[in-house]
1. Name the single residue that is farthest from Thr268 (Cα to Cα) among those in the stretch 198-223 being in a helix (DSSP H, G or I) and out of contact with any Phe, Trp or Tyr (no Cβ under 9 Å at 6 or more places or on another chain).
2. Among the residues of the stretch 277-289, are any charged (D, E, K, R) and either closer than 20 Å to Arg169 by Cα or in contact with a Ser or Thr (Cβ under 6 Å, 6 or more places away or on another chain) (or both)?
3. Only one residue in Glu88, Glu98, Glu107 is acidic (Asp, Glu), within 13 Å of Ile142 (Cβ to Cβ) and out of contact with any Ser or Thr (no Cβ under 6 Å at 6 or more places or on another chain). Which one?
4. Answer yes if at least one residue in the stretch 247-268 is assigned to a strand (DSSP E or B) and touching a strand residue (DSSP E or B) at 6+ places or on another chain (Cβ under 7 Å), and no otherwise.
5. Taking the residues in the stretch 78-87 that are surrounded by fewer than 21 Cβ atoms within 10 Å (Cβ to Cβ) and in contact (Cβ under 8 Å) with a residue 40 or more places away in the chain as candidates, determine which candidate is nearest to Leu132 (Cα to Cα).
6. Could you name every one of the strands (runs of 3 or more DSSP E) located completely within the stretch 103-171 that has at least 2 residues being in contact (Cβ under 8 Å) with a residue 40 or more places away in the chain?
7. So is Phe122 in contact with a strand residue (DSSP E or B) (Cβ under 7 Å, 6 or more places away or on another chain) and either within 20 Å of Asn322 (Cα to Cα) or open to solvent by 10 Å² or more (accessible area, probe 1.4 Å) (or both) or not?
Amino acid sequence: MKPTTLLSRTSARTLVATGLAASLLFAAGCAKSEDDDSGGDSAASQDQGDAGQEVAADGAGGKTCTIDAYGGKKLDLKNATVGFSQSEKEANPFRIAETASIKAEAEKRGVKLLTANAQSQFSKQISDVQDLIAKGADLLVIAPLNSDGWEPVLRAAGAKHIPIVTIDRKINATACKDYVSFIGSDFVEQGKRAADRMIETTGGKGKIAILLGAAGNNVTTERTKGFQDRIKEKAPDLKVVFKQTGEFAREKGQQVTEQLIQSKPDITGIYAENDEMGLGAVNALKGAGKKAGDVKIVTIDGTKGAVRGIVDGWIDGVVESNPRFGPLAFKTLDTFTKGEKVSQDIVIKDNAYTKDNAKSDLNKAY
């Protein structure tokens, strides 16, 4: 990855099983957000063959897990029941696309799927997963709300030797003991790439704010670290003067930005750790009478609303975080339950959007 360009691919620091990378399938799932930012036929968006996840291909031979090491038993995925636990309300386009992808892949494979949505309540997610186990789930795919606090679920799953794959966020537990694999992005690298874009669009000078994601998960921590480390390294004249959580929500992002405009009227740029907060920031800037480009905004996710924001001049760059986990999650489960090795950490490649490709690639966003 060239540190000065947002369009470079994420370099994987975590190694991936060679066979898994070679046999990766591409995803299909996307749907409109409840704010109708998708801008077009969702079925057409699902047909974008290049919109699915790719495993980062740098290196091979990292830490792996087998069903024998995990303590489970081989089974045919077609005859299994998979439980999927979604963490957040499906008002966020990332969550809509993520759930749609899991459901689409289960249907494609003819696998029985049980689903639950925690509605952004961690205690509910714990009880949701326990309920999925009680209903007979042989395998679990979990999109964790928080990284800590999973001990009750891990005990329950461990007692029945139920394999767990986590997607998009990690849990603080031991791979190939408490869970099989994590599938997701390199979030530190995402933060660095967002910083590269902020440096480029501001000229490396000025005052910037960070709209932090929700507390208690590795995504927020790592996206913040990557961004701040890169700014410190490459642009010492670009000062972070404001940090506050927007909880990964559009409304909260707008509220925080309204406060920011009052307290720091000379702000140069805003780094939003997801698109929804970035779009909230755009709403706040419009409400304050600002013009497109007055404040530089860089976000992470790759939703249609944010990419359209680039086309309209309000957003200066979006680092993709691909939510279409279905094919790769089920491929991992299939490989694992056959007794073959899978990587403990499966890092995916993420694209990016700038003014150079936003209009032409809008149909690839979700």
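1. Of all residues in the stretch 198-223, those in a helix (DSSP H, G or I) come to 198-202, 218-223.
Pick out the ones that are also out of contact with any Phe, Trp or Tyr (no Cβ under 9 Å at 6 or more places or on another chain) and you get 199-202.
Working: Ile199: 11, Glu200: 13, Thr201: 10, Thr202: 7 Å.
If we take residues in the stretch 198-223 being in a helix (DSSP H, G or I) and out of contact with any Phe, Trp or Tyr (no Cβ under 9 Å at 6 or more places or on another chain), then Glu200 is farthest from Thr268 (Cα to Cα).
2. Initial filter on the stretch 277-289 (charged (D, E, K, R)): 286.
The next check asks that each one be either closer than 20 Å to Arg169 by Cα or in contact with a Ser or Thr (Cβ under 6 Å, 6 or more places away or on another chain) (or both); those that pass are none.
Among the residues of the stretch 277-289, not one is charged (D, E, K, R) and either closer than 20 Å to Arg169 by Cα or in contact with a Ser or Thr (Cβ under 6 Å, 6 or more places away or on another chain) (or both), which makes the answer no.
3. Working: Glu88 fails: out of contact with any Ser or Thr (no Cβ under 6 Å at 6 or more places or on another chain); Glu107 fails: within 13 Å of Ile142 (Cβ to Cβ).
So the residue among Glu88, Glu98, Glu107 that is acidic (Asp, Glu), within 13 Å of Ile142 (Cβ to Cβ) and out of contact with any Ser or Thr (no Cβ under 6 Å at 6 or more places or on another chain) is Glu98.
4. Taking the stretch 247-268 and keeping what is assigned to a strand (DSSP E or B), we get none.
So far as the stretch 247-268 goes, no, none of its residues is assigned to a strand (DSSP E or B) and touching a strand residue (DSSP E or B) at 6+ places or on another chain (Cβ under 7 Å).
5. First pass over the stretch 78-87, keeping only residues surrounded by fewer than 21 Cβ atoms within 10 Å (Cβ to Cβ): 78-81.
Narrowing the set further to residues that are in contact (Cβ under 8 Å) with a residue 40 or more places away in the chain leaves 80-81.
Numbers: Ala80: 13, Thr81: 10 Å.
The extreme case among them is Thr81.
6. Details: elements: 112-117, 139-142, 164-167.
The strands (runs of 3 or more DSSP E) meeting that bar are 139-142, 164-167.
7. Working: in contact with a strand residue (DSSP E or B) (Cβ under 7 Å, 6 or more places away or on another chain): no; either within 20 Å of Asn322 (Cα to Cα) or open to solvent by 10 Å² or more (accessible area, probe 1.4 Å) (or both): yes.
When the stated conditions are applied, Phe122 does not pass them.
Rundown of residues vs (1) of a type in the set (Gly, Ala, Ser); (2) assigned to a helix (DSSP H, G or I); (3) over 19 Å from Lys264 (Cβ atoms), yes/no style:
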position: Leu285; (1), (2), (3): no, yes, no
position: Val307; (1), (2), (3): no, yes, yes
position: Gly313; (1), (2), (3): yes, no, yes
position: Val319; (1), (2), (3): no, no, yes
position: Arg324; (1), (2), (3): no, no, yes
position: Ala329; (1), (2), (3): yes, yes, yes
position: Gly339; (1), (2), (3): yes, no, yes
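The values are calculated or read from the model by the stated rules, or taken from the named source; none is laboratory data. Bear in mind that the values here come from a model prediction, so they are computed numbers and not experimental data. Quick reminder, even Gly has a Cβ in these numbers, built from the backbone with ideal geometry, and neighbours come from all protein chains shown. Please note that ligands, DNA and RNA were not included when accessible areas were found on the heavy atoms of the full protein model with its side chains. Shrake-Rupley method; radii C 1.70, N 1.55, O 1.52, S 1.80 Å.
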